[in-house]
Amino acid sequence: MPAPPPPFPDPAVLGRVLRYPETLTPADLPHVQASGQGGAVYFALSAEHPLRPFLRQYMLDLALRHAQIRAELRPLLAAWAAEGIPALLFKGFALAEFEYRNPAERFYGDVDVLLPADLPTVMRAVHIALAHGWRSDGQHADPDLWTHETAHLYSSGGAVRLDVHRFAVSFTDGLGQKRAEALTAGLWQRATQYDWDGVLVWRPSPLDAAVLNLSLSRTWGGDMGGIKPADYADLRQLMARHNLSFVALAEHASQLGAEATWAAFLSQCNPARGCLELDVSRSAPFLSQAARQDGLQPHLLLWAQRLRSLGRILPLLPTALLDVLWAGWAVRRGGDPRTYLNRWTPAAPVRRLPLRQLGLRLVAISWLTRLFYPRQRQLGVCVPRAYATYRILRRAGHPAVFVSGVARRGGAVVGHAWVEDDRGNIEAYGEPSNRQRFKVLLQFPAPPEP
């Protein structure tokens, strides 16, 4: 199935996509698809609208994708329910399945599920998944690596990446673990059990779905300071479907200790007023200040995390430095990337790195590339990081894969390079959506012939 187009919509067009879809024309099609709202726009347009025929196949692809994910997910949830393991579905998949009229209206990436946080339950749930043909990236086996997530599971059919959560929100971005535990306990208490066509699952209360799972998971987590187009549509849908008032939502936010954050979120994302600010440089000051008012200390915890990371990677830094220097030399020299990648791929047998060792090497490269390339997040500086990551992993025997691709951003074509392994995305690399955002042009080593 074709991947969704890269998410680089024109901001001006995006505002019309979400608020005034009837004003769109076929010329706006790339921006509509890139917004992730193509399915929603299809259903919002009249049958006679000239853009609707162009969106039909896109909508059908989203519907088919959701059906495949649903079919591969349900047997695992049924197995967990049969063994007495409660599973609470929330965020993208749950919204598409339960809240929208048609699941094709809501594009999402991974599937998010909340399980009890205790080690025996997590291990039992993962072992059941493995027995049903699913694969784990290994995080579940090392509780020291647990964040707000305890495991990442991949279905045998390849359609589902399941993020298994123990907390409803991230606690490493300033919230703190005790507060994350309290918020999650409240979420479970207010949740209701739901018979999903014969499979018993749990669903959050509508108020939690809007305030905790939508607003706080975004503004108190890794996306702190940013708003996404889906937030606008999700809030609008939840309020309409469950008749939620702004008064009730504000009261619930206050009960969660998020009064300032919720008010700041509405100042940037409010479907009742047609307000949506997608420029993070404008939204971040309001949302970050509000988070601090509600007791978060993001900068303090961030630097504490960085110092802990530095202590763990110190033994790796000398050899990682050589990898970064070699990568810089290769970039300056130019030429076919496969020339260097082939040279950096030893013939020795593959020795897959444990998840902890894999993560430490990626952190070491990230630290050094930030030092040598302070503007590495800007266009074009991704290659040194990808080269150096490939080198350090291949020297350790890990089956790293160098990938590069292109996407359209406005009227320009942009490129990007990153590293995966033979099982696909590497969680610790921190770029889970590259294959959705970029059309792959080069993969080394080349994938096996089908």
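The values are calculated or read from the model by the stated rules, or taken from the named source; none is laboratory data. Please read these numbers as outputs of a predicted model, since none were measured by experiment. Note that we place each Cβ from the backbone using ideal geometry, even for glycine, and neighbour counts take in every protein chain shown. Protein only, heavy atoms only, side chains kept; ligands, DNA and RNA dropped before computing areas. Shrake-Rupley method; radii C 1.70, N 1.55, O 1.52, S 1.80 Å.
Residue by residue through the stretch 359-369, what is 3J(HN,Hα) from phi via Karplus (6.51 cos²θ - 1.76 cosθ + 1.60, θ = phi - 60°)? Round to whole Hz and write x for glycine and proline. Going residue by residue, I get x, 4, 5, 5, 5, 4, 5, 4, 4, 6, 5 Hz, with x marking Gly and Pro. A simple rule links phi to the HN-Hα coupling: the Karplus curve 6.51 cos²θ - 1.76 cosθ + 1.60 with θ = phi - 60°, which for the stretch 78-94 gives 5, 5, 5, 4, 5, 9, x, 9, x, 10, 9, 8, 8, 6, x, 4, 4 Hz, with x for Gly and Pro.
May I ask you to list the lysines whose Cα is less than 20 Å away from that of residue 228, ignoring any residue fewer than eight positions away on the same chain? Once the sequence-local lysines are set aside, what remains near residue 228 is 91. Here's how it looks for residue 275: its modeled amide H is under 5 Å from those of 270, which are all 5 or more places away or on a different chain.
Peptides 277-290, 46-59, 206-219, 27-40, ordered by how many other C-beta atoms sit within 10 Å of their residues on average, highest first, read 206-219, 27-40, 277-290, 46-59.
Working note: Karplus 6.51/-1.76/1.60 with θ = phi - 60° gives the stretch 196-202 the couplings 8, 6, x, 10, 7, 10, 10 Hz, where Gly and Pro are set to x. Between residue 270 and residue 57, the distance separating the two model label sites (each 7 Å from Cα on the Cα→Cβ line) works out to 4.2 nm.
For residue 425, the amide hydrogen comes within under 5 Å of no other amide hydrogen, counting only partners 5 or more places away or on other chains and with H modelled in the peptide plane. Counting helices only, and only those DSSP H runs with n ≥ 4, report the 222 nm mean residue ellipticity of the chain as the sum of -39,500 (n - 2.57) divided by its residues, in deg cm²/dmol to the nearest 500. Rounded to the nearest 500, the figure is -14500 deg cm²/dmol. Only beta bridges with both residues in the chain are counted; by DSSP, about 85 percent of them are antiparallel.
What a 1.4 Å probe finds exposed on the stretch 156-216 is 50% carbon and sulfur by accessible area, rounded to a whole percent.
Solvent exposure of the chain amounts to 46 Å² per residue of accessible area, where only protein heavy atoms count and the probe is 1.4 Å. Only alpha carbons enter this Debye calculation for the chain, each as an equal point scatterer, and the log10 of I(q)/I(0) it gives at q = 0.13 Å⁻¹ is -1.39.
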